[in-house]
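Asks: Below: one structure in structure tokens.
The values are calculated or read from the model by the stated rules, or taken from the named source; none is laboratory data. From a predicted model like this one, the values you see are computed outputs, not experimental measurements. Glycine also receives a Cβ, built like all others from the backbone with ideal geometry; neighbour counts cover every protein chain displayed.
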Ligand SMILES: O=C(O)CCC(=O)C(=O)O
Ligand SMILES: [Fe+2]
């Protein structure tokens, strides 16, 4: 349970994975590369940046990359010749140089098989596995036919969720399988001031119990040991987080509830929670000007900040699609009451 420690101006957080707002400045080291912002609000693509070169680069460059990912929400690097081990190495440098708590490492997903080929800290994203596990196949579902049900922030059901994530797609259909991201900073800024004030005192419960069924379908037990932080373990797969959180790297506020995992806003009636969550989810899914849609080419890689964005895969293809994902853990989510939205921080 997040504790309300209003005397320190912090709402939520946890002493082990201690939250701290750092507002890390960008030093300019990536300016040498051609960059294209793929949408005004979110997303940037760099030309000519290779992860293998970043592994050899100064800390300043890797820190600048972290700051850019946190500011732009998601960064795209094309055509990467990089192994899952090298992805893990960069992920660890990125999270550490941006100031993650010492107790936070790389996540072990509860569905990752013990002794899996690429190691515990790499999730294999694969259409084949997805079909076997009974994952999102909304086109055929009699429950819902909304592709937008897949919007989520990674592993928000953990007490210490992800700060950054990295995905490389190496196998893809001729067309289809795009991924979309949306900005949590922008959605916070679209709330009226009275609505922002009401939500800033509330927490929400995030829950991924559906992974227990998926694990059964896949025939593997869930990973109950430590999953990258001493606070992430067991089969409960549920956590309580502030509805509005501060990103420690930018210092900007973001809405932190998501369609995939958030079940309940606490401290209000179930009816009120349903209405509030539906409204917040609609802000994410129905504002295409707060989103970016990425069309993958073979071996493209995306790095995003899970504290301040959501993403949504597109299941519109029949062929195989597969890639590798690595997720680092940040701080226990918190709201720094002295922080502001991005618009207020940046000025008009
Ligand atoms: O398959 C995709 O495009 C995204 C999968 C996903 O949600 C993730 O890697 O976190
Ligand atoms: Fe995801």
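Asks: Scan 237, 283, 231 and give me the residue that is surrounded by fewer than 23 Cβ atoms within 10 Å (Cβ to Cβ), closer than 20 Å to residue 122 by Cα and away from ligand 2 (no atom under 16 Å from the Cβ).
Replies: Unique residue meeting the criteria: 231.
Asks: Moving on. Pick from 306, 266, 299: which is out of contact with any helix residue (DSSP H, G or I) (no Cβ under 7 Å at 6 or more places or on another chain), within 16 Å of ligand 1 (Cβ to nearest atom) and farther than 17 Å from residue 178 by Cβ?
Replies: Values: 266 fails: within 16 Å of ligand 1 (Cβ to nearest atom); 299 fails: farther than 17 Å from residue 178 by Cβ.
Just a single option satisfies the conditions, and that option is 306.
Asks: Identify, by number, the condition in (1) part of a loop (DSSP other than H, G, I, E, B); (2) closer than 26 Å to residue 113 by Cα; (3) modelled with pLDDT of 95 or more; (4) over 19 Å from the mean Cα position of the chain (by Cα) that residue 160 doesn't meet.
Replies: Tallying (1) part of a loop (DSSP other than H, G, I, E, B); (2) closer than 26 Å to residue 113 by Cα; (3) modelled with pLDDT of 95 or more; (4) over 19 Å from the mean Cα position of the chain (by Cα), residue 160 fails exactly one: (4).
Asks: Given the conditions (1) in a helix (DSSP H, G or I); (2) surrounded by 15 or more Cβ atoms within 10 Å (Cβ to Cβ), report the number of the one that residue 274 does not fulfil.
Replies: Condition (2) is where residue 274 drops out.
Asks: Something else now. With the requirement that a residue be closer than 20 Å to residue 17 by Cβ and touching a helix residue (DSSP H, G or I) at 6+ places or on another chain (Cβ under 7 Å), what does region 310-329 give you?
Replies: Restricting attention to region 310-329, the residues satisfying the condition of being closer than 20 Å to residue 17 by Cβ are 326-329.
Within region 310-329, 326, 328 qualify.
Asks: Please work out which one of (1) loosely packed, with under 13 Cβ neighbours inside 10 Å; (2) more than 22 Å from residue 161 (Cα to Cα) is the condition residue 77 fails and give its number.
Replies: (1)
Asks: Turning to a different aspect of this structure: What is the number of the single condition among (1) crowded, with 22+ Cβ neighbours inside 10 Å; (2) free of Cβ contacts under 8 Å to residues at least 60 places away in the same chain; (3) away from ligand 2 (no atom under 16 Å from the Cβ) that residue 204 does not meet?
Replies: (2)
Asks: Could I ask something else about it? If residue 329 satisfies every condition in (1) within 16 Å of ligand 1 (Cβ to nearest atom); (2) closer than 16 Å to residue 149 by Cα but one, which is the exception?
Replies: With (1) within 16 Å of ligand 1 (Cβ to nearest atom); (2) closer than 16 Å to residue 149 by Cα applied to residue 329, the lone miss is (2).
Asks: Whether any residue in region 237-250 is in contact (Cβ under 8 Å) with a residue 24 or more places away in the chain and over 23 Å from residue 15 (Cβ atoms) is what I want to check.
Replies: Start the filter on region 237-250 by keeping residues that are in contact (Cβ under 8 Å) with a residue 24 or more places away in the chain, which leaves 237-250.
Those left that are additionally over 23 Å from residue 15 (Cβ atoms): 250.
Scanning region 237-250, I find at least one residue that is in contact (Cβ under 8 Å) with a residue 24 or more places away in the chain and over 23 Å from residue 15 (Cβ atoms), so the answer is yes.
Asks: For region 190-211, give me each residue that is part of a helix (DSSP H, G or I) and under 21 Å from the mean Cα position of the chain (by Cα). If you could, list the steps in order and put the result at the bottom.
Replies: Our first condition is that a residue be part of a helix (DSSP H, G or I); within region 190-211, this holds for 193-199, 210-211.
Within region 190-211, 199, 210, 211 qualify.
Asks: Scan region 201-211 and tell me whether some residue there is out of contact with any strand residue (DSSP E or B) (no Cβ under 8 Å at 6 or more places or on another chain) and either modelled with pLDDT under 95 or at negative phi (or both).
Replies: The initial filter retains those residues of region 201-211 that are out of contact with any strand residue (DSSP E or B) (no Cβ under 8 Å at 6 or more places or on another chain), namely 210-211.
Among the residues that remain, those that are also either modelled with pLDDT under 95 or at negative phi (or both) are: 210-211.
Among the residues of region 201-211, at least one is out of contact with any strand residue (DSSP E or B) (no Cβ under 8 Å at 6 or more places or on another chain) and either modelled with pLDDT under 95 or at negative phi (or both), which makes the answer yes.
Asks: Here's a follow-up. Of everything in region 293-334, what is more than 15 Å from ligand 2 (Cβ to nearest atom), assigned to a strand (DSSP E or B) and buried (at least 24 other Cβ atoms within 10 Å of the Cβ)? Give them in sequence order.
Replies: Scanning region 293-334 gives a single hit, 334.
Asks: Quick check: is even one residue across region 135-150 buried (at least 21 other Cβ atoms within 10 Å of the Cβ) and either within 12 Å of ligand 1 (Cβ to nearest atom) or assigned to a loop (DSSP other than H, G, I, E, B) (or both)? Walk me through how you get there before you give the answer.
Replies: Step one: list which residues in region 135-150 are buried (at least 21 other Cβ atoms within 10 Å of the Cβ), which gives none.
No, region 135-150 has no match at all.
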